[in-house]
Amino acid sequence: MEKLLEKLKEYLHMETEIPFEEFSEYYRNLIAELNQTFNELDQEARVKALYICSIVQSNADARAKTSKVNAKTFKKISAKCAFWTDAIKFNLGKSGMTSQEIEQATEEINDSI
């Protein structure tokens, strides 16, 4: 998750929007990482995954509204990220974190960027 978070930080500091192909590849890498390692992730890594998914989801939602050509793909990306966001929140809750603690942890990541 650390490499994905570092790349996301890089994207968030850019002045221009990354191209569709790069966005799509980042998303595919994120989902592949989650599919392969989710059960082994510790709480800190899951919070990072939650943060990443929420940013990608938000970005995909915004892009779906402005891109006629790729709107359908962006909507699918958003839906898949929403699924993972819900799954991660559920899992963090099962491990004892309250929704306030989860929100605070993701805000701390946001503040560090």
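The values are calculated or read from the model by the stated rules, or taken from the named source; none is laboratory data. This one's a predicted model, so the numbers in the text were calculated from it and none came from an experiment. With ideal geometry, Cβ positions are generated from the backbone for all residues, glycine too; neighbour counts draw on all protein chains shown. Ligands, DNA and RNA are excluded from the accessible area calculation, which covers all protein heavy atoms including side chains. Shrake-Rupley method; radii C 1.70, N 1.55, O 1.52, S 1.80 Å.
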Handout entry: Count of residues meeting criterion [part of a helix (DSSP H, G or I), of a type outside the set (A, V, I, L, M, F, W, C) and over 28 Å from Lys72 (Cβ atoms)] in the range 18-56
Key = 7
Fill in the blank from the handout: Of Glu40, Glu33, Glu21, the only residue that is charged (D, E, K, R), in contact (Cβ under 8 Å) with a residue 12 or more places away in the chain and either out of contact with any strand residue (DSSP E or B) (no Cβ under 8 Å at 6 or more places or on another chain) or open to solvent by 20 Å² or more (accessible area, probe 1.4 Å) (or both) is Glu33
Problem - Enumeration of residues in the range 83-98 that are open to solvent by less than 30 Å² (accessible area, probe 1.4 Å) and closer than 12 Å to Gln57 by Cβ - result: Trp84, Thr85, Ile88
Problem - Unmet criterion (only one of (1) farther than 16 Å from Lys3 by Cβ; (2) in contact (Cβ under 8 Å) with a residue 60 or more places away in the chain) for Lys48 - result: (1)
Exercise for the section: Scan the range 57-78 residue by residue and report those that are open to solvent by 80 Å² or more (accessible area, probe 1.4 Å), of a type in the set (Val, Ile, Thr) and in a helix (DSSP H, G or I). Expected result: Thr66
Exercise for the section: Please find, among Tyr26, Tyr51, the residue that is among the hydroxyl-bearing types (Ser, Thr, Tyr) and in contact with a Phe, Trp or Tyr (Cβ under 9 Å, 6 or more places away or on another chain). Expected result: Tyr26
